[in-house]
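Worksheet for the structure shown next.
The values are calculated or read from the model by the stated rules, or taken from the named source; none is laboratory data. Predicted model, so just to flag it, every value in this text is computed and none were measured. All Cβ positions, even for glycine, are placed from backbone atoms using ideal geometry, and neighbour counts span all protein chains on display. We work out accessible area using only protein heavy atoms, side chains counted, and drop any ligands, DNA or RNA first. Shrake-Rupley method; radii C 1.70, N 1.55, O 1.52, S 1.80 Å.
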Amino acid sequence: MQTTLITTVLAIFYLGVSAEPEFLYKQFRDPERDVFHYGKFPSDFAWGVATASYQIEGAWNEDGKGPSVWDTFAHTPGKTHLNQTGDVTCNSYHKIEEDVKNLQELGVNHYRFSLSWSRIMPKGTPDVINPAGVKYYHDLIDALLAANIQPMVTLFHWDLPQPLMDIGGWENELMHAIFVAYADFCFQEFGGKVTKWITFNEPTVFTVFGYEIGYHAPGMTHLGWGAYRAGHVVLKAHATAYHLYDKKYRPLQHGIVGITLHSRWYEPKSDSEADREAAKRAITGELGWFAHPVFLTGDYPEVAKKLIADKSRAVGLTSSRFPEFTEEEKLMLKGSADFFGLNHYSTSYIEHKADTSLIPNIMADLDYKATEDDSWDRTGSWWLRPVPWGLRKNLNWIKDTYGDIPVYITENGMSENDGPMRLDDMDRVTYYRAYINEILKAQQIDGVNLKGYIAWTLMDNFEWAEGYNERFGLFHVDFEDPQKPRRPRASAKAFAEIIKNNGFLKPNEKSEL
Ligand SMILES: *[C@@H]1O[C@H](CO)[C@@H](O)[C@H](O)[C@H]1NC(C)=O
């Protein structure tokens, strides 16, 4: 009922009637917090959309590409929604021109995409290079630059070459050196044209889902330690790749290197001291698991170290399930990023919950439980309720904790479930306007050093274990049609309008363009 009303109000706004809604999500109605803020971002603000290789490229075994853990996982019956795979997906391997045209239609000045490691190195190591794969990325980058769109390249967005999983994947210490060799090749090959690099995408997600609960590739279920061990190697690989770039490539290529971390905002469920402490532990322990080593101390957050060590001791282990860095590693990690990439989608309420019977994982280890508010709208993903003010709080927490580090929102967006084609996605329009409005407040009112906003995602694609059942695209993709046609949704037009205005004009203000 309420959603319909908001949608109607927005629809009127978009038809050109100057009735800007004062509140985008009425159910939150905190007049101080939720009032709409008009204004512009700095003139050099980065606007973009993001994708990931396995989710859009298809051509899984073409032109010399080797298999990745996602090929293996999705080809295993029972692992994904309706056993769907990314074998073809959006077929972007064959659609550079069309994808770049759609990026131009949005008016973005950045495109964040990832390299398929096994398309470049079929075995995962630089002794075998696949020239066709290297050429594909050169062609894509050249097409972007010709369209005045800056590439922002993610080195690792989850599709690890299968031969590297055959030696244990990220739980094997050797991966530290192997990743650095891969990064070295990519910096050398593409760094003349690419000046914004992201080493890893969402290490909390791929280590917990991939190495601890088995919900994602490679499907390992090493409960209590798999994610910590894999994450430990990932952090060292990140830091060494950063320093390699800093010393060997930066003087010539003048680029920047960061890491993208996923975070929800964690709001205390009640005003009790226990819940407030639990929320603090949740954000510090979970986001800080990867952010503290890179952006603060060179080491894991004390609260996580202590709790995991205590819990390990309590069950008779002689050392903590949480690995430790050497002093040398801490020095290497501390300050090993030029920017903070934040992927943010939603917020949870956090309550204190200490239950020693739980199977250990990051949540159980940190003694908290997360829930959602029933009054928050639903989307196509159970974990994604639109709570725009949570992003502003998350950004402020990052500023208060890590200081004046440049921040890019590297993903933010909203899903719907598969069904009849829906181009009139006013709920997604509302989501983007509300969330982007919150980052404008964070930038202008709170002084967060925000450099850019990259939406997830350019077009519907293969949403990992959810297959094609969760659509996040600004462009709709018809996966039934072999041509995989893309069609702009209302949200694509609304996002283009925000980019054109570089923010939000007052209802009576005319666009300068
Ligand atoms: C997917 O694979 C599982 C396991 O083999 C099977 O039980 C199920 O019927 C398959 N689903 C579809 C839609 O093919």
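Before moving on, here are some points about what is shown:
- Relative contact order (%) - the chain, alpha-carbon pairs under 8 angstrom, separation at least six: 18 percent
- Ligands, DNA and RNA left out, the 1.4 Å accessible surface of segment 401-513 is 47% carbon and sulfur atoms.
- Ranking LYS311, LYS40 by solvent-accessible area of protein heavy atoms (1.4 Å probe, all protein chains present), from largest to smallest, gives LYS40, LYS311.
- Cα centre as origin, Lys/Arg/Asp/Glu Cβ charges: the chain dipole, Debye: 660 debye
- Inter-part distance where segment 192-263 and segment 60-118 are each reduced to a Cα centre, Å: 19 Å
- From helices alone, the chain scores -11500 deg cm²/dmol at 222 nm; the rule is -39500 (n - 2.57) for each run of n ≥ 4 DSSP H residues, then divide by the residue total.
- Here the Karplus curve 6.51 cos²θ - 1.76 cosθ + 1.60, taken at θ = phi - 60°, turns the phi angles of segment 420-432 into couplings of x, 4, 10, 9, 8, 8, 5, 5, 6, 4, 4, 4, 5 Hz, with x standing for Gly and Pro.
- A probe of 1.4 angstrom, applied to the heavy atoms of all protein chains, finds ILE445 with accessible area near 100 square angstrom.
- 3J(HN,Hα) along segment 227-241, derived from phi through the Karplus expression 6.51 cos²θ - 1.76 cosθ + 1.60 where θ = phi - 60°, amounts to 5, 5, 5, 5, x, 4, 5, 4, 4, 5, 5, 4, 5, 5, 5 Hz, with x in place of Gly and Pro.
- Backbone HN-Hα couplings from phi across segment 276-290 [Karplus 6.51/-1.76/1.60, Hz, Gly and Pro as x]: 5, 5, 5, 5, 5, 4, 4, 6, 5, x, 8, 5, x, 3, 9
- Euclidean distance between Cα centres, segment 442-497 to segment 335-406, Å: 21 Å
- Convex hull volume per residue, computed on the Cα atoms of the chain, equals 146 Å³.
- Remark on GLY452: its backbone amide H falls under 5 Å from those of ALA46, ILE409, a criterion applied only to residues 5 or more positions apart or on other chains, H modelled at 1.01 Å from N.
- Placed amide H near TRP158: partners under 5 Å, 5+ positions off or other chain: ASN201
- Remark on segment 335-397: hydrodynamic radius 14.0 angstrom, per the Kirkwood mean of 1/r across alpha carbon pairs.
- Among PRO218, PHE504, VAL128 the positive-end extreme of the charge dipole of segment 37-504 (Cβ point charges): PHE504
- Between the alpha-carbon centres of segment 289-321 and segment 146-175 there is a gap of 26 Å.
- Full extension of the chain segment joining ASN83 with HIS37 gains 12.1 nm, where the gain is 0.36 nm per residue of separation less the Cα-Cα distance.
- Accessible area expressed per residue, the chain, with surrounding protein chains retained (probe 1.4 Å, Å²): 38 Å²
- Nonlocal amide H pairs with LYS196, under 5 Å, H built at 1.01 Å: VAL153, ILE256
- Solvent-accessible area of segment 79-125 (1.4 angstrom probe, protein heavy atoms only): carbon and sulfur portion equals 49 percent.
- Charge dipole of the chain about the Cα centre (unit charges at C-beta), most positive-ward option of SER272, LEU252, ILE308: LEU252
- Distance histogram in 5 Å bins (all Cα pairs of segment 264-404, percent per bin): 2, 10, 17, 19, 19, 16, 11, 5, 1, 0
- Magnitude of the charge dipole, segment 138-242, Cβ model with Lys/Arg +1 and Asp/Glu -1, debye to 20: 260 debye
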